[in-house]
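Q: First the structure, then my questions, so here it is.
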Amino acid sequence: MMQLDLRTTLLMAAALLVLDEGDARACTTLDNFPHSIDEAKAAVDDTPPGEIPAVDASEVNESTQVGCDQCGGGMHMTLDITPPVDDRTPSDELGYEIEVVDGEFPFFVPDEAVAGTAIILRSEFDYRVFSATLEVRPVDRAGNVGPGTRVEVRNTLRGCNMSLGSGGGEAWLAILALQWLARRRRLMASAA
């Protein structure tokens, strides 16, 4: 009976590892959406958006994609932008250009303008010490580019910051729970 419980536990754990939603997404990333230019608006609008009121850079975080590598597959951060005012483009339809103007920035920076006010920047590198100045410029639907707003970005952590998600934590928790249930069943069967 003990072999059956152990075998069942191992099969269930293997199924969880194979069917786990986190593993199905291993090493996939969500990309920023490209900002699109409306040719009809470009023909009649030549006024750029105003200045961006604020750009807030999040803390640098470890990527938590299970299965990419032992350190979680790099790092990521978000630029949260308070949209400016434009004469014809609603604030939720503005795009943003990003440029590194000073320092070292070990993240992928899109070549084209991206849509949305929360821009995700990713790096394949593990935690690194860096300091950089970014310039973020608004772009309206006509393609007019507004004035740049600068933001200082830095990270003082180095190395691999192992978190629960970076080492397949959910799968290990499931295995431990299944082993506990199998042991509990054996104890209850022997007590009866």
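Q: Looking only at segment 21-60, which residues are assigned to a loop (DSSP other than H, G, I, E, B), at pLDDT below 65, over 25 Å from Asp111 (Cβ atoms) and open to solvent by 40 Å² or more (accessible area, probe 1.4 Å)? So that I can check it myself, show each step before the final result.
A: Within segment 21-60, the first condition is being assigned to a loop (DSSP other than H, G, I, E, B), and the residues that meet it are 25-33, 35-38, 45-53, 58-60.
Those left that are additionally at pLDDT below 65: 25-30.
Checking the rest, the ones that are also over 25 Å from Asp111 (Cβ atoms) come to 25-26.
Residue satisfying the conditions is Arg25 alone.
Q: Quick one: count up the residues across segment 117-142 that are in contact (Cβ under 8 Å) with a residue 40 or more places away in the chain and open to solvent by less than 30 Å² (accessible area, probe 1.4 Å).
A: Final tally of qualifying residues: 10.
Q: Asp86 versus (1) open to solvent by less than 50 Å² (accessible area, probe 1.4 Å); (2) of a type in the set (Asp, Glu); (3) touching a Lys or Arg at 6+ places or on another chain (Cβ under 8 Å): which is the lone unmet condition?
A: Against the list (1) open to solvent by less than 50 Å² (accessible area, probe 1.4 Å); (2) of a type in the set (Asp, Glu); (3) touching a Lys or Arg at 6+ places or on another chain (Cβ under 8 Å), Asp86 comes up short only on (3).
The values are calculated or read from the model by the stated rules, or taken from the named source; none is laboratory data. All of these numbers come straight from a predicted model, not from anything done at the bench. With ideal geometry, Cβ positions are generated from the backbone for all residues, glycine too; neighbour counts draw on all protein chains shown. The accessibility values were calculated without ligands, DNA or RNA, using every heavy atom of the protein model including side chains. Shrake-Rupley method; radii C 1.70, N 1.55, O 1.52, S 1.80 Å.
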